[in-house]
Structures are given as structure tokens and as C-alpha cells.
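J.: Pasting in a structure now, in C-alpha cells, and then I'll have a few things to ask.
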Amino acid sequence: MRIGWAALVAALAVTAAGCEIDDGEPTAGDPVVTQTVTETATAGPTEVATSVEPVAEEPTYVVTHVVDGDTLDLDSGDTVRLVGIDTPERGECGFGPAQSAMKRLVLGKEVTLVESDEDADKYGRLLRYVEVGDLDVGLRMIRKGLAIARYDSRDGYGRHPREDRYITADEAAADVTCPKPKPKPEEPRGFADTGEKGGDCEPGYDPCVPRYPPDLDCADVGPVTVTGSDPHGLDRDGDGVACGGD
């Protein structure tokens, strides 16, 4: 069955009358409705909210004085005893080279202190590892043979964190050697170094012979010239020369 144009237009008119078409423009008498759209952003499955904490920098100190190869004074007023090493004391073999090497490594430089298993020793010195940049100063001293690994669990102390590394380095390092001092020439027994006649010297002998008593013999004084009295009885023949002197 065919529908004419007149019938189609009438049908559309009826449909339009039953429907309101909003073209976006309000007409007089229509209530104005305001709609607020709020967007909430949520993190997607691959977005993770993170919080980055700032990394605190380690404080640094300037070394103002090197006491010896294992002890330092800082600009903070503290004295630091390096952990896990030992170097020669003043007057012992290797003291000079160890102190000089430590000066080259740290004196006047900024250093970082790293805590160990103990805070301070009985003298109030801080017990710390000392680092210049990435350099472990104590380990460098051991590798140079200027320090030994000591004051660790082998000695009855606590085990410090770098103990194994220090012991391994010590076993591989060469020891510092020092030349033996030349023996001093022996002086004849009984001679006193007074600088001049008198004092502890018995008048009448040259060089000095200690005063009488006690009685001395040639084994005690060596060759002498008798220029006056001879209370020790050294010049038996009275020729002024005693105990093999010329």
C-alpha cells in the first residue's frame, strides 16, 4: 500500500508535537538549567604516584693536623682515630713515612667520616673510617705497607664492617723496612764527659778520670797521662804515662 505525501507530512507533524527538540537556545518562559560537570582525574593502571625524598649529603670536615699515620685533628675540634689500622709511634721504624703519607692524603682536604662498630675510644677520639671522595684512607695506608690491620675481632675487639677487606690487603702488602742504626764507638770505661776539667774529674789526669774513691784501674779508664797526683795509682813507674798511653 502506498502512503501519499500528505499523510507522511501529517504523521511527522504529530510526532514533532509530542517531542521537544532542544536546539541549545532557551525560549521565553523556559527554566534555565545550569549543569556543572566535574572531571576527576585518576591515575591509570600504569601511573603510580611516587614521593621522592631528598638525599641528605654527608657532612665533611677539613683536616687541620696529622698527629701520626692513624690519628687526625679536624676543624670541628674533634680528633679521629682511624678504625681497623695501626701505624708506628714516634721514634719507631716507619713513623716518618706513615705520617708523611697521611699528610699527603688528607691534610687541608675535606674528608667524610663513616661510622663503624664503635663511636669513640677511651681517650675521647672518634673511631671512624676516613674517606677523601671515594678513597678509603685507611685501606690505602695498609696497601702502601705503612699501616697494619689491627684492633679487630682477632685482637678481642668488635668486628668492624671492613675487617675482611683490611686483613686481605695487609696480607698482600709489603712491610716497611728501616736501616739499622750504626753502632756508636765505645768509649773507655770510667771517662766522664764534663766538657772541661773539674766537676767529676780527678785533677792530675788527662783525659778525665773520675774522682777517687772508688779506686779505678786501667781497665776502667784506658790510656791516660798523669799530670799531677795519682790517687788511683795508675802510673806505677812514675813516668807520667799510664795504662798504655804514649
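The values are calculated or read from the model by the stated rules, or taken from the named source; none is laboratory data. Note that the structure is a prediction, hence the values are computed from the model and not measured. Cβ atoms come from the backbone with ideal geometry, glycine included; neighbour counts cover every protein chain shown. Please note that ligands, DNA and RNA were not included when accessible areas were found on the heavy atoms of the full protein model with its side chains. Shrake-Rupley method; radii C 1.70, N 1.55, O 1.52, S 1.80 Å.
J.: Can you find a residue in segment 109-116 that is at pLDDT 95 or above, open to solvent by less than 20 Å² (accessible area, probe 1.4 Å) and closer than 23 Å to residue 58 by Cα?
T.: yes
J.: Being in a loop (DSSP other than H, G, I, E, B), free of Cβ contacts under 8 Å to residues at least 40 places away in the same chain and open to solvent by 70 Å² or more (accessible area, probe 1.4 Å) is the filter here, so list the residues in segment 124-155 that pass it. Break it down stepwise before answering.
T.: First, pick out the residues of segment 124-155 that are in a loop (DSSP other than H, G, I, E, B): 124-125, 133-134, 144-147, 150-152.
Checking which are free of Cβ contacts under 8 Å to residues at least 40 places away in the same chain leaves us with 133-134, 145.
Across segment 124-155, the qualifying residue is only 134.
J.: Mind listing whichever residues of segment 75-92 are surrounded by 14 or more Cβ atoms within 10 Å (Cβ to Cβ), in a loop (DSSP other than H, G, I, E, B) and not small (Gly, Ala, Ser)?
T.: 78, 83, 87, 88 - these are the residues of segment 75-92 that are surrounded by 14 or more Cβ atoms within 10 Å (Cβ to Cβ), in a loop (DSSP other than H, G, I, E, B) and not small (Gly, Ala, Ser).
J.: Among the residues of segment 55-71, is any outside any strand (DSSP E or B) and modelled with pLDDT of 95 or more?
T.: The answer is yes, given that some residue of segment 55-71 is outside any strand (DSSP E or B) and modelled with pLDDT of 95 or more.
J.: List the pairs whose first member sits in segment 227-243 and is on the phi > 0 side of the Ramachandran plot, whose second member is of a type outside the set (Gly, Ala, Ser) and exposed (fewer than 14 other Cβ atoms within 10 Å of the Cβ), and whose Cβ atoms are under 9 Å apart, counting only residues at least 6 apart or on separate chains?
T.: Partner pairs satisfying both residue conditions: 233/215; 233/217; 240/227; 243/217.
J.: Taking segment 221-237 on its own, how many of its residues are open to solvent by 30 Å² or more (accessible area, probe 1.4 Å) and either part of a strand (DSSP E or B) or closer than 14 Å to residue 201 by Cα (or both)?
T.: Here the count works out to 6.
J.: I've got another one for you. Taking segment 156-197 only, how many residues are surrounded by 11 or more Cβ atoms within 10 Å (Cβ to Cβ), among the small types (Gly, Ala, Ser) and at pLDDT below 70?
T.: Counting residues in segment 156-197 that are surrounded by 11 or more Cβ atoms within 10 Å (Cβ to Cβ), among the small types (Gly, Ala, Ser) and at pLDDT below 70 gives 2.
J.: For residue 104, indicate whether it is open to solvent by less than 30 Å² (accessible area, probe 1.4 Å) and more than 11 Å from residue 69 (Cβ to Cβ).
T.: Taking the combined requirement at face value, the residue does not satisfy it.
J.: Applying the selection to segment 103-136, what residues are more than 17 Å from residue 76 (Cβ to Cβ) and touching a helix residue (DSSP H, G or I) at 6+ places or on another chain (Cβ under 7 Å)?
T.: Correct list: 105 only.
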